[in-house]
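The structure appears right after this line, and notes come after that.
The values are calculated or read from the model by the stated rules, or taken from the named source; none is laboratory data. No experiment lies behind these values; they were computed from the predicted model shown. Note that each Cβ is placed from the backbone with ideal geometry, even for glycine, and that neighbours are counted across all protein chains shown.
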């Protein structure tokens, strides 16, 4: 049983257009472009069964909600919840970004580098910590939400709100990693999906299925900055993915559907300039990379042994049911505490983390400003890289979804001490549909 959260940021607003700080200022309204974005998002989600809708009451979010649900096949009545209000920025609200830079240069610098440490003074003279307060607000909202919609009910809930509060909700569910606020971004009218799965441990498992998808707005991925970018792709489907067999380092090729997925990724990435390409040395990611690079004939593939899939040892080639029969306790450990699992005659997730992150760091160091690299690898490898980028730990790999043919975008920071940004994660809309329906088989 799963609670599926559909998180949508409001469409383009008047203050967004004017580069003004919004916060809780309710003078910012949805622009015509923002209304169109909301409608496109509504059409995109129109066939998804939705049990409840929660919205910020601020008019830019409320208007997005109304425009969005007007396209749904079922009649939906939104609940306007103050727990979804945007971050309180007091005296900054309504000011342009340039005015804030000019009038509050030191505080703005902290806001851009370490927003959790920002302290502002309200018009009444009271000091407050906007992001720390917002994390508490997100925590309280989630507690109320889970009380009304426990994962056992198997519901889908739509949440329409703002950039900062939605980031805090995502990060709270991920355990609030250090510097998390600067590790992700959410664009206007973007869609993120988080699954909360009921667990036999009397709690729930969090899975980030996708983050900041804007494909429904006719812009495949968010615009690139002047810094370097890496496009991280999981290989297409294999017969063993479909059967639920543990592949690991057995060199299984793509099946027909996997080749179709690779071609879909090729089409999705056709218009983007690629300067370098790296792939695991195994056949399935190499085939996926080769398909994508048909439209980039001048780019060769550099094969990386460090990016090969986790070595499952004696589990490789076996179905989960077969593993459960022979290693029930170890399988339980792997599924709930992966950091404590030692694969029989195979690897630990820490060993995979060490080699994959080392390889990732080396690839990123080769990129100059404005360059883009393609990296194609595997489920466990991609998950360790993404956990590293999101400030998570090896124990958190199940929090990250990587569908066959899924596309993730990472923008590399050129600011010292600042984390790279996971701009969007596990985009699979080019494979058809809103929800990731790729094979749910073993690694």
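If I ask for residues that are within 14 Å of residue 205 (Cβ to Cβ) and without any contact (Cβ under 8 Å) to a residue 24 or more places away in the chain, which ones from region 330-344 would you list?
Within region 330-344, 332, 334 qualify.
Filtering region 227-277 to residues that are free of Cβ contacts under 8 Å to residues at least 24 places away in the same chain and either surrounded by fewer than 18 Cβ atoms within 10 Å (Cβ to Cβ) or in contact with a strand residue (DSSP E or B) (Cβ under 7 Å, 6 or more places away or on another chain) (or both) leaves 239, 256.
Comparison of 188, 257 shows that the only residue that is in contact with a helix residue (DSSP H, G or I) (Cβ under 8 Å, 6 or more places away or on another chain) and part of a helix (DSSP H, G or I) is 257. Tell me whether region 22-37 contains one or more residues that are in a strand (DSSP E or B) and modelled with pLDDT of 95 or more. Yes, region 22-37 contains a residue that is in a strand (DSSP E or B) and modelled with pLDDT of 95 or more.
Taking region 75-181 and the helices (runs of 4 or more DSSP H) fully enclosed by it, the elements with 3 or more residues that are closer than 30 Å to residue 398 by Cα and either outside the structural domain of residue 38 (by TED's automatic domain parsing) or without any contact (Cβ under 8 Å) to a residue 12 or more places away in the chain (or both) are at 130-148.
Conditions (1) surrounded by fewer than 16 Cβ atoms within 10 Å (Cβ to Cβ); (2) assigned by TED's automatic domain parsing to the domain that holds residue 160; (3) under 30 Å from residue 199 (Cβ atoms); (4) within 22 Å of the chain's Cα centre (by Cα), marked per residue:
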residue: 15; (1), (2), (3), (4): no, yes, no, no
residue: 20; (1), (2), (3), (4): no, yes, no, no
residue: 23; (1), (2), (3), (4): no, yes, no, no
residue: 30; (1), (2), (3), (4): no, yes, no, no
residue: 45; (1), (2), (3), (4): no, yes, yes, yes
residue: 49; (1), (2), (3), (4): yes, yes, yes, yes
residue: 58; (1), (2), (3), (4): no, yes, no, no
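Sort out which residues of region 182-194 are over 16 Å from residue 427 (Cβ atoms) and surrounded by fewer than 21 Cβ atoms within 10 Å (Cβ to Cβ), and write them in order of number.
So in region 182-194, the residues over 16 Å from residue 427 (Cβ atoms) come out as 182-183, 188.
Matches in region 182-194: 182 only.
Restricting attention to region 300-318, the residues being surrounded by fewer than 18 Cβ atoms within 10 Å (Cβ to Cβ), touching a strand residue (DSSP E or B) at 6+ places or on another chain (Cβ under 9 Å) and either at negative phi or at pLDDT below 95 (or both) number 4. Answer with yes or no whether residue 287 is closer than 25 Å to residue 232 by Cα, in the same structural domain as residue 426 (by TED's automatic domain parsing), buried (at least 19 other Cβ atoms within 10 Å of the Cβ) and within 24 Å of the chain's Cα centre (by Cα). No; evaluated as a whole, the condition is false for this residue. Put simply, of 28, 55 the only residue that is touching a strand residue (DSSP E or B) at 6+ places or on another chain (Cβ under 9 Å) and closer than 23 Å to residue 2 by Cα is 55.
Residue 294 meets all of the listed conditions (1) part of a helix (DSSP H, G or I); (2) buried (at least 17 other Cβ atoms within 10 Å of the Cβ); (3) touching a helix residue (DSSP H, G or I) at 6+ places or on another chain (Cβ under 8 Å) but one, namely (2). Among residues of region 393-428 being at positive phi and either part of a helix (DSSP H, G or I) or at pLDDT 95 or above (or both), the one that is surrounded by the most Cβ atoms within 10 Å (Cβ to Cβ) is 405.
How many of the residues making up region 191-202 are in contact with a helix residue (DSSP H, G or I) (Cβ under 9 Å, 6 or more places away or on another chain) and under 20 Å from residue 147 (Cα atoms)?
Residues of region 191-202 in contact with a helix residue (DSSP H, G or I) (Cβ under 9 Å, 6 or more places away or on another chain): 191-192, 194-201.
This time we only want the ones that are under 20 Å from residue 147 (Cα atoms), so: 194-201.
Number of matching residues: 8.
Do we have residue 209 as in contact with a strand residue (DSSP E or B) (Cβ under 8 Å, 6 or more places away or on another chain) and under 24 Å from residue 9 (Cα atoms) here? Criteria met by residue 209.
Looking only at region 215-243, residues that are at pLDDT 95 or above and in a loop (DSSP other than H, G, I, E, B) come to 5 in all.
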